[in-house]
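Visitor: Please find one structure pasted underneath; my questions will follow.
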Amino acid sequence: MGLLALFRRTPSSATVAKERLRIIVAQERSARGGGPDYLPLLRRELLEVIRKYVNVDPDAIQVNVEREEGQEVLELSVTLPERKAAVAPTTP
Amino acid sequence: MTEIIVVTSGKGGVGKTTTSASLACGLARRGKKVAVIDFDIGLRNLDLIMGCERRVVYDFVNVINGDCTLKQALIKDKRFETLFVLAASQTRDKDALTPEGVKRVLDELAAEQFDYIICDSPAGIEKGAHLAMYFADRAVVVVNPEVSSVRDSDRILGLLASKTARAEAGNGGVKEHLLLTRYSPRRVATGEMMSVSDVKEILGLDVVGVVPESQDVLTASNAGTPVILNETSDASQAYDDAVSRLLGETKPLRFIEEPKKGFFARVFGG
């Protein structure tokens, strides 16, 4: 430490550890709590299909599985962009 | 009303047994009637940390199998009238512990008016760890500020939220507390170690205690005297604070910052 520390730019190892843990813990939590393990892939493929027609944000798609009294409901929610912001379908 | 507290972590070697022994002594020192149970079947160790290894006649599995009564197996602590140890069996039979057997022992302790039952969980997420947490009302999750310990403890949090009697009954689940051990304020200050707030933020738990890295922990286990009883030690005071918080008192965290350096030390390092 001391004067030299003032010029150090690389993040501390504790910061790196925290960042790595934040990502892996979030990932593992969603894997165990968030329903079947095909959900992330399903979400990605749905996003690709929808993007052929509407230019939506990656965050605009929510896929959830809810359990209600013995049955599972797959809930899909897509937030479309505002009308004027909607662009013509992107050509692949 | 008996409260069952599991001391768990996922990862091994982070201080579960040290913590179980110290919390049990701290509660007993406040006059509570406490039983501390070693769930690490096959690898008995709590007896050594508590200093009663030569007085183990019967163990947890003996009670479950009906080889003896619970009274015969409970080892009365020599320091506290109201503290009892139930040792783990050294059998290699993995199925020696059964949910029904564990429940029967816990119910019997409740009938004997114990205030607290501390369940010292084995490492891992196998049967012993599962049974140690299954009947718990509260959990003390022991974590070192280090990546593998934090990740493993998050696995344990997942199990506490799904594979316990309270979770299955849907009545609020197990109350979870974070207890950091082997904390080094100096290394946190230099950015080499995650801080209390870092770990707290990742796991999303309330902190019940932060025990600084201390040479007194090894000395304590060498002697079979739980470190909380070495009152001059920082670790002892940190554990005693944790006991107070478990009992609902509000205490500021201590030993989480290194003493401030003077001007010259800051400029010139050291």
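The values are calculated or read from the model by the stated rules, or taken from the named source; none is laboratory data. Everything numeric in this text was worked out from a predicted model, so none of it was measured. With ideal geometry, Cβ positions are generated from the backbone for all residues, glycine too; neighbour counts draw on all protein chains shown.
Visitor: Could you figure out which of (1) β-branched (V, I, T); (2) within 15 Å of the chain's Cα centre (by Cα); (3) surrounded by 20 or more Cβ atoms within 10 Å (Cβ to Cβ) isn't true of B:V207?
Guide: Condition (3) is where B:V207 drops out.
Visitor: Of all residues being in contact with a helix residue (DSSP H, G or I) (Cβ under 8 Å, 6 or more places away or on another chain) and surrounded by fewer than 20 Cβ atoms within 10 Å (Cβ to Cβ) in the range B:139-149, which is nearest to the other protein chains (Cβ to nearest Cβ)? Just the residue, please.
Guide: B:V147
Visitor: Also, I was wondering about something else. What about B:R92, is it among the basic types (K, R), part of a helix (DSSP H, G or I), touching a residue at least 40 places away in the same chain (Cβ under 8 Å) and surrounded by fewer than 22 Cβ atoms within 10 Å (Cβ to Cβ)? So that I can check it myself, show each step before the final result.
Guide: Working: among the basic types (K, R): yes; part of a helix (DSSP H, G or I): no; touching a residue at least 40 places away in the same chain (Cβ under 8 Å): yes; surrounded by fewer than 22 Cβ atoms within 10 Å (Cβ to Cβ): yes.
For B:R92, the condition - among the basic types (K, R), part of a helix (DSSP H, G or I), touching a residue at least 40 places away in the same chain (Cβ under 8 Å) and surrounded by fewer than 22 Cβ atoms within 10 Å (Cβ to Cβ) - is not met.
Visitor: Go through (1) out of contact with any Pro (no Cβ under 8 Å at 6 or more places or on another chain); (2) surrounded by 19 or more Cβ atoms within 10 Å (Cβ to Cβ); (3) away from chain A (no Cβ under 13 Å) one by one and return the number of the condition B:L160 breaks.
Guide: Here B:L160 meets the rest and fails (3).
Visitor: Among the numbered criteria (1) more than 17 Å from the chain's Cα centre (by Cα); (2) in a loop (DSSP other than H, G, I, E, B), which one does B:K32 miss?
Guide: Checking B:K32 against (1) more than 17 Å from the chain's Cα centre (by Cα); (2) in a loop (DSSP other than H, G, I, E, B), the one that fails is (1).
Visitor: Which one of the conditions (1) within 21 Å of B:P226 (Cα to Cα); (2) surrounded by 20 or more Cβ atoms within 10 Å (Cβ to Cβ); (3) touching an Asp or Glu at 6+ places or on another chain (Cβ under 8 Å); (4) not basic (K, R) does B:S22 fail to meet, given that it meets all the rest?
Guide: Tallying (1) within 21 Å of B:P226 (Cα to Cα); (2) surrounded by 20 or more Cβ atoms within 10 Å (Cβ to Cβ); (3) touching an Asp or Glu at 6+ places or on another chain (Cβ under 8 Å); (4) not basic (K, R), B:S22 fails exactly one: (3).
Visitor: Now for a separate question. Being out of contact with any helix residue (DSSP H, G or I) (no Cβ under 7 Å at 6 or more places or on another chain), of a type in the set (D, E) and either under 13 Å from B:A132 (Cβ atoms) or part of a helix (DSSP H, G or I) (or both): is that true of B:E100 here?
Guide: Working: out of contact with any helix residue (DSSP H, G or I) (no Cβ under 7 Å at 6 or more places or on another chain): yes; of a type in the set (D, E): yes; either under 13 Å from B:A132 (Cβ atoms) or part of a helix (DSSP H, G or I) (or both): yes.
Here the answer is yes, as B:E100 does meet what is asked.
Visitor: Limited to the range B:183-207, what total is found for residues that are basic (K, R) and under 13 Å from B:V150 (Cα atoms)?
Guide: Within the range B:183-207, the subset basic (K, R) is B:186-187, B:200.
Among the residues that remain, those that are also under 13 Å from B:V150 (Cα atoms) are: B:200.
Going through the range B:183-207 one residue at a time, the tally reaches 1.
Visitor: Right, here's the next one. Return the residues of the range B:192-225 that are within 14 Å of chain A (Cβ to nearest Cβ) and charged (D, E, K, R); say none if nothing qualifies. Please lay out each step first, then the result.
Guide: Pass one, the range B:192-225, residues within 14 Å of chain A (Cβ to nearest Cβ): B:192-205.
Selection gives B:E192, B:D198, B:K200, B:E201.
Visitor: Also, I was wondering about something else. Do any residues in the range B:52-63 that are farther than 12 Å from B:L86 by Cβ have Cβ atoms under 6 Å from those of residues that are acidic (D, E) and surrounded by 19 or more Cβ atoms within 10 Å (Cβ to Cβ), where the two are at least six apart or on different chains, and which pairs are they?
Guide: Partner pairs satisfying both residue conditions: B:E53/B:D47.
Visitor: Right, here's the next one. B:L43 fails exactly one of the following numbered conditions: (1) part of a loop (DSSP other than H, G, I, E, B); (2) under 15 Å from B:A129 (Cβ atoms); (3) at pLDDT 95 or above. What is the number of that condition?
Guide: Tallying (1) part of a loop (DSSP other than H, G, I, E, B); (2) under 15 Å from B:A129 (Cβ atoms); (3) at pLDDT 95 or above, B:L43 fails exactly one: (3).
Visitor: Among B:V14, B:V6, B:V102, B:V36, which is the only one that is free of Cβ contacts under 8 Å to residues at least 40 places away in the same chain, closer than 28 Å to B:D154 by Cβ and buried (at least 18 other Cβ atoms within 10 Å of the Cβ)? Before you say what the answer is, go through the steps one by one.
Guide: Numbers: B:V14 fails: free of Cβ contacts under 8 Å to residues at least 40 places away in the same chain; B:V6 fails: free of Cβ contacts under 8 Å to residues at least 40 places away in the same chain; B:V36 fails: free of Cβ contacts under 8 Å to residues at least 40 places away in the same chain.
When all the criteria are applied, what remains is B:V102.
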